[in-house]
Every structure is written in C-alpha cells, then in structure tokens.
Amino acid sequence: MWNGLVGVAKETYTASLGEGVVPRPLMMPLVRGELVGLIWVRPLKVGQDALAGIAELANIAAAAGADEVVLAWETHDVATACELPIVGPAPCLNMVVATRDGHVLHQFPYSEQLLSRSAEGWASVAPDWRPASAPQPGGELVPPIQAAVNFSFTPIELDHPDPFGVTVVLMEEDGYRISLTEAFAR
C-alpha cells in the first residue's frame, strides 16, 4: 500500500509541476488498511488561515475513525503559506505515515528542470527525483502537519446520524477537494 501511495503522490507532483502548480497538501486516511480517499486542502490565505486549513484536513480522518493517515506536502510551499521557516530539504515532497502510536517522516527531495515559462512568468518544471532520505521515525513535523496528525485520531462528536457524510459535505462546501474511494463514497 505504501509504495502505491508514494507513487500517487509523485505522479500528482510531476503532473502539477508540469502545469506550473505546486500541489496543495494532501491527506490519505486509512481504516483497517483500506484507503478512505484523497483530501486536498482548500484554497488558503497566507498566515493563520493556512495553519488552520492544513490542520482541518484531519476532520475527514477523525470522522471516518481512521487508524492510519498519510499526509503529503511540499516543504517550501507549506513554509511560505504558513509563514514558517523552511525546515528540511527544499524542494521536497514530504510524506508522513502516522497512527495513534507515532509517525514516520519520509522525504523525497527533487531538483526542478525548467520545461517552459509563461508570459506571466509562471514556470513549468519537471521534478528530477533525488535519492530519498532514510525514513525518520518521530521526525520533526511543521506545526500544521503535526496538528493534522494529532487531530486525525481525535473523535469528532456530531449529533447527526451520519457524522462522516456531514463532515464530507461541510468540508467540500469550505473548498476542500475530496475524492472518496468506492467503499466510503456517500
């Protein structure tokens, strides 16, 4: 499963960077080893909104009763959006796999090969994936990612017959892009 999730993240990054866009942070919650779906963070404003928006990725995992989550983000992108110092390699696709008992940080650094530049100055690039760093059990996570990990395992208490379904609807209304697997689709 892990190799498949890494493959999806790398393919997404390659396609998006080729279009001149850095993919937004992504969460992939799992329940008993089954993928719930893919949740991309909503459009963010720099600062507190970015910190909150990334942490709120946890809502789907918490509502689904996830026992494992995988989050993916780009070092420079999250640091800039959240007004935080850059920690670790950049550019770099970071992925953390977490359970209630802890997490392991995986880093996939890359260099950017310029493909083209638009008249507006946007660069289309191809990632040249470098060797991955050794997995880091308990590796340092930036605050919004650490918050998303922590909140993923905090049960959501909603007085509603379908707390998962209502959470999905509310998050979609807030601008999160959610793609549920067939087993979890409404």
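Remarks
- Remark on the stretch 32-120: Rg and Dmax equal 15.1, 49 Å (Cα only).
- In the chain, helices alone account for a calculated mean residue ellipticity at 222 nm of -9500 deg cm²/dmol, with every DSSP H run of four or more residues adding -39,500 (n - 2.57).
- Cα→Cβ-extended label distance, 7 Å offset, between Q136 and L114, nm: 3.0 nm
- Look at the alpha carbon pairs under 8 Å that are at least 6 residues apart: their mean separation over the length of the chain gives a relative contact order of 26 percent.
- For the chain, carbon and sulfur atoms together expose 54% of the accessible surface, with a 1.4 angstrom probe and every protein chain in place.
- Amide H contacts of R130 (H built 1.01 Å from N, under 5 Å, at least 5 apart or other chain): Y110, S111
- Evaluating 6.51 cos²θ - 1.76 cosθ + 1.60 at θ = phi - 60° for every residue in the stretch 73-82, the Karplus couplings come out as 7, 9, 3, 5, 4, 5, 4, 5, 4, 9 Hz, glycine and proline recorded as x.
- Applying 0.36 nm per residue to the separation of A90 and L158 and subtracting their alpha-carbon distance, the gain on full extension is 20.5 nm.
- Solvent-accessible heavy-atom area per residue, rounded to whole Å², over the chain at 1.4 Å: 50 Å²
- With q set to 0.10 Å⁻¹, the log10 of I(q)/I(0) for the chain, from the Debye formula over equal scatterers at the Cα positions, is -0.39.
- Centroid-to-centroid separation of the stretch 40-60 and the stretch 122-136 [C-alpha atoms, Å]: 23 Å
- Calculated from the alpha-carbon coordinates, the stretch 107-147 shows an Rg and a Dmax of 15.3, 44 Å respectively.
The values are calculated or read from the model by the stated rules, or taken from the named source; none is laboratory data. What you see is a predicted model; the values in this text were computed from it and never measured. Note: ideal-geometry Cβ built from the backbone for every residue, glycine included; neighbour counts use all protein chains shown. Accessible surface is based on the protein model in full, side chains and every heavy atom, while ligands, DNA and RNA are left aside. Shrake-Rupley method; radii C 1.70, N 1.55, O 1.52, S 1.80 Å.
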